[in-house]
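This report refers to the structure that appears directly beneath it.
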Amino acid sequence: MVSALVIFSIAIVLMITLVILQNTVRVVANVRFPLFLVPLIIGAILFLALGIAPLNIVKDSFISNSEVNPLKILVLFLSMSFLSIYLDEMGFFSYLANWAVSKFKKGQIGLFIGLYVIVSLLTIFTSNDIVILTFTPFICAFARRAKISPIPYLVMEFIAANSFSMLFIIGNPTNIYIATFANIGFLDYLKVSWLPTILAGIGSFAILFLLFYKDLKKPMEVTVEPLKIRRKTSLIVSLSTLLVCVIFMAISSYVHIEMYLISLGCFLFLLVFELIHMLYDKNIHIRLGRAFLRVPYQVIPLLISMFIMVIGLNASGLSGKVAEFLSHGNPVLMYGVFSSIFDNIMNNIPMSVFFADIAVLSPNVVQATFASIIGSNLGAFITPIGALAGIMFLGLIKKEGIKFSFLDFCKYGVVVFLITLPCALLGLFLVTL
């Protein structure tokens, strides 16, 4: 157990250091590889080489027909990401954002509320990572034109995306992993998640409004850029495909089709349609190429490396000891608080792989599982290290030349977290009584 803990701890410390430094290396063209993944990959290799993670168990996990097979989870997340990103490539998200600006141009308070609602709704049907990737550049550009501070809107965007990503199982890869590990399907997930999400949304909006009320009272110079959807056929097909995907996922347990097959099938349908459509629209290959480049592939080495190391930690007996410690108290409180803390020690995807194993050992698996899911989403508020979305968020802001440091993120995030987490955990407690 000692060697497993030492290697794991060093890998996590190095990962956090490189996340803070935001170091990357260019691979090809505009594709850059984030260096924070390197310690995790090396850690996983050492776990395998030293026999800490038994090779036969790792191999069986990757070829098993279980829904918790990490390859299936990756297919589900990446295919859903592509469906959302392709919508953005056609200007759908920008169109909605501009619509909000045109409707609420009389004052920042109305605009703030309107964008909060749009970000929340889009997150429910896509994912928090995708919404943050698409809305952050828009907010920065709009704030410059309107001569207002982008900070209230950037913080709001991040908080709303990570609050409402809890509602559907597809809202965050951490939801997918933890819920799937506990054999919780789409609708069974929603039956529990709706109240914690609503209460978290109310709590997060209330504290955000109070934090930024003075800023939002300031006037703004609105210049709305008229946007038109030019490729309506592609947009209608893409949007319909995403909606059909979500609907079939909701009934997946009844039609006996695994969610990853539904998302993969929808992705392939859209891809084939657009390849055929390319005969009539020569620009489609450009949109497809950009969409493929924007898919967050860094989740692949992140999930696989952590999956291997967690297998090693389980084999060494650490998971059992952590589960025993967390059993000394109410599972909603214990798993909710400590999953949030571990979020910011090892990032939410690694935490989810670790806590998924632990939660199923709890006497109350449902409460432990959903408390861990809540922690994986809301723990991202505390520091940028807490989620892949936070890492990407800071990187995007830095590219836009806006002053918003690691400590600035923590300053706002911690305040919101201290209000939002109790709201979500209260909702979980009430819905699982």
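The values are calculated or read from the model by the stated rules, or taken from the named source; none is laboratory data. Just so we're clear, the structure is a prediction, and the values are computed from it rather than from any experiment. Note that we place each Cβ from the backbone using ideal geometry, even for glycine, and neighbour counts take in every protein chain shown. Surface accessibility is based on the protein's heavy atoms, side chains included, excluding ligands, DNA and RNA. Shrake-Rupley method; radii C 1.70, N 1.55, O 1.52, S 1.80 Å.
Remark: accessible surface ordering of E274, E221 (largest first) is E221, E274, probe radius 1.4 Å.
In units of 2.2 N^0.38 Å, what is the alpha-carbon radius of gyration of the chain? Please report the intermediate quantities before stating the final value.
Working: Rg = 21.1 Å, N = 433, 2.2 N^0.38 = 22.1 Å.
Compactness ratio reported: 0.96.
Each residue of the range 303-309 was assigned a 3J(HN,Hα) from its phi angle through the Karplus curve 6.51 cos²θ - 1.76 cosθ + 1.60 (θ = phi - 60°); the sequence is 5, 5, 4, 5, 4, 5, 5 Hz, with glycine and proline shown as x. Ranking S240, S81 by solvent-accessible area of protein heavy atoms (1.4 Å probe, all protein chains present), from largest to smallest, gives S240, S81. Coupling constants for the range 326-338 follow from the phi torsions by the Karplus curve (6.51 cos²θ - 1.76 cosθ + 1.60, θ = phi - 60°), and in residue order they are 6, 6, 8, x, 5, x, 4, 6, 5, 6, x, 6, 6 Hz; glycine and proline get x.
Result for the chain in a Gaussian network model with C-alpha springs under 10 Å: among F36, F93, F62, the largest mean-square fluctuation is at F62.
Taking the inverse of the average 1/r across all pairs of different Cα atoms in the range 362-424, what Kirkwood radius in Å do you get?
Details: mean 1/r = 0.0783 Å⁻¹.
Evaluated on the range 362-424, it is 12.8 Å.
In plain terms, if you count all Cα to Cα distances in the range 248-348 and split them into 10 Å steps from zero, the share in each step is 11, 23, 25, 24, 11, 5, 0 percent. Sequence-ordered 3J(HN,Hα) estimates for the range 364-373 from the Karplus curve with 6.51, -1.76 and 1.60 and θ = phi - 60° stand at 10, 5, 5, 5, 5, 5, 6, 5, 5, 5 Hz, glycine and proline given as x.
Cysteines of the chain lacking any other cysteine Cβ under 4.7 Å from their own Cβ: C140, C410, C423. Normalised by 2.2 N^0.38 Å, with N the number of residues, the alpha-carbon radius of gyration of the range 87-136 equals 1.10.
Enumerate the lysines that K103 could reach by cross-link, defined here as Cα to Cα under 19 Å, with residues fewer than 8 away along the same chain left out. List returned: K147, K217, K218, K228.
Sorted from largest to smallest, which semi-axis lengths in Å does the alpha carbon gyration tensor of the range 61-110 give for its equivalent ellipsoid, taking the root of 5 times each eigenvalue? Write down the numbers at each step before the final one.
Working: eigenvalues 314, 30, 5 Å².
Each semi-axis is √(5λ); the values are 40, 12, 5 Å.
For T24, the residues 5 or more places off, or on other chains, whose built amide H falls under 5 Å of its own are L35.
Where only DSSP H runs of four or more residues are counted, the chain gives -24500 deg cm²/dmol as its mean residue ellipticity at 222 nm, each run worth -39500 (n - 2.57). The amide H of R32, built 1.01 Å from its N in the peptide plane, has V27 as neighbours under 5 Å, considering only residues 5 or more places off or on other chains. Residues Y177, Y412, Y297, ordered by accessible area of protein heavy atoms at a 1.4 angstrom probe radius and largest first, appear as Y297, Y412, Y177.
Relative contact order for the chain: what percent, with Cα pairs under 8 Å and sequence separation of 6 or more?
On the way: 644 pairs, mean separation 101.0, N = 433.
Value for the chain: 23 percent.
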